[in-house]
C-alpha cells in the first residue's frame, strides 16, 4: 500500500509540474499580447495660428493633454485667445475644450485670437454671384460691366455694433451661388469655409475657382430672406468670419429673368481656358481652332482633381459665356471627371485633350 501511494503521489507531482509548465507558457504568451495591444498609441496635436504653427503636444490616444503642454500656445502678443477649433474658419461645431476633450488620432487645432486693437477696415465689401430669380443675376460674379451705381445693391453696410462688422439682407433662391468680396475683386474672397454658423439644409459648399473651402462658392438650397454678417480683421485674415441667418420667406417678387441672345460663332471667336493648376486661376490659355470648323482644342498635362472652365471671347473681348461641367454631356467624357456641380474637374492625373464645339457650346475630353 505504501508503494502504491508513493507511485500515485509521484504521478500527481509530475502532473502538477507539467500543468505549471504549460500554464507558465500560456501566461507568458498572454502577457506579451497584452504588451502589444494594451498600451495606447501616442498621438500628436498640432496647434496653429492661421498658417503659423505654434507648436505640438503629445499624449496617449484617448487621454487628455497636460495643460502645461499647450497653455503657452494660447498666448499670442496683443491678442485675446478665443478657443481651439478643428476647422481654420472656427466653425462653432468644431470647437474643442482641451480640459474635457481627448483625441484618438493625430489632430490639428486652429486657435482663434482676437486682436486687442483692430485696425479699421476701409474696404468696400460686396456679395457677388449668380441667380435665375434674384438680384444676384445682375452682379454676374462682379463683372466689370456692372456700373458703379448698380453695385450699391450688393454692398454690405457697417452695422456699428462692433468694429469691422458688415451686413447685407436680401432674398436668395435655390440655385443661387455667391461669395463675399471686397472692392469688386476676387482678391481675398470669402466663401463657404469662412462661415462659422451655417445651416446646411439651407446652403452648401459649391466649390469654385479658389480651390479651398474658404474660397468656395456658397450654393443656396432653400429660398428665403437672409442676412449675411461679415466681421474682419485686416491684420489677421484668419479671423475674418461670416454668419448667415434665414429671416423667413423671400420678401420681394423674383426679378424678371433676362433673355440672353444666342451667341453666333464668327471668324473672330476665340476659346480660352483657365483652372486650378494655378492657385489664383490667373493663367489663361488659348485653344487652337481647327481650320474651317468651329471646333477648338487644347491638350494639357493635369494633376488629379484639377478644376477648369472655358471662356468664349470675340475679337479679343470676353463675351461672359463660360462653359463648365454642365456643358459636358458625352458619357465617355463624364467618366473621366468628378462631379462637383460647377467646374470641369478631372478625376485622375494625366494628359487630357479638350474639344469645345462652339456651335453647340459643348465640351468633350479624352485622356
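Overview of results
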quantity: Check on residue 291, part of a loop (DSSP other than H, G, I, E, B) and under 27 Å from residue 172 (Cα atoms); calculated: no
quantity: Some residue of the stretch 352-360 being over 28 Å from residue 185 (Cβ atoms) and out of contact with any strand residue (DSSP E or B) (no Cβ under 8 Å at 6 or more places or on another chain); calculated: yes
quantity: Residue that is nearest to residue 174 (Cα to Cα), among those in the stretch 132-150 that are outside any loop (DSSP other than H, G, I, E, B) and without any contact (Cβ under 8 Å) to a residue 24 or more places away in the chain; calculated: 150
quantity: Filter result for residue 99 (in contact (Cβ under 8 Å) with a residue 12 or more places away in the chain, exposed (fewer than 12 other Cβ atoms within 10 Å of the Cβ) and touching a helix residue (DSSP H, G or I) at 6+ places or on another chain (Cβ under 9 Å)); calculated: yes
quantity: Answer from 65, 91 - the residue that is farther than 21 Å from residue 193 by Cβ, surrounded by 12 or more Cβ atoms within 10 Å (Cβ to Cβ) and touching a strand residue (DSSP E or B) at 6+ places or on another chain (Cβ under 8 Å); calculated: 65
quantity: Odd one out for residue 343, checked against (1) more than 24 Å from residue 132 (Cβ to Cβ); (2) surrounded by 13 or more Cβ atoms within 10 Å (Cβ to Cβ); (3) at pLDDT below 95; calculated: (1)
quantity: Total residues in the stretch 72-88, condition surrounded by 14 or more Cβ atoms within 10 Å (Cβ to Cβ) and assigned to a helix (DSSP H, G or I); calculated: 2
quantity: Number of positions in the stretch 346-362 that are surrounded by 14 or more Cβ atoms within 10 Å (Cβ to Cβ) and either outside the structural domain of residue 305 (by TED's automatic domain parsing) or free of Cβ contacts under 8 Å to residues at least 40 places away in the same chain (or both); calculated: 1
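The values are calculated or read from the model by the stated rules, or taken from the named source; none is laboratory data. This is a predicted model, so every value here is computed, not measured. Cβ sites come from the backbone with ideal geometry, for glycine too, and all protein chains shown count toward neighbours.
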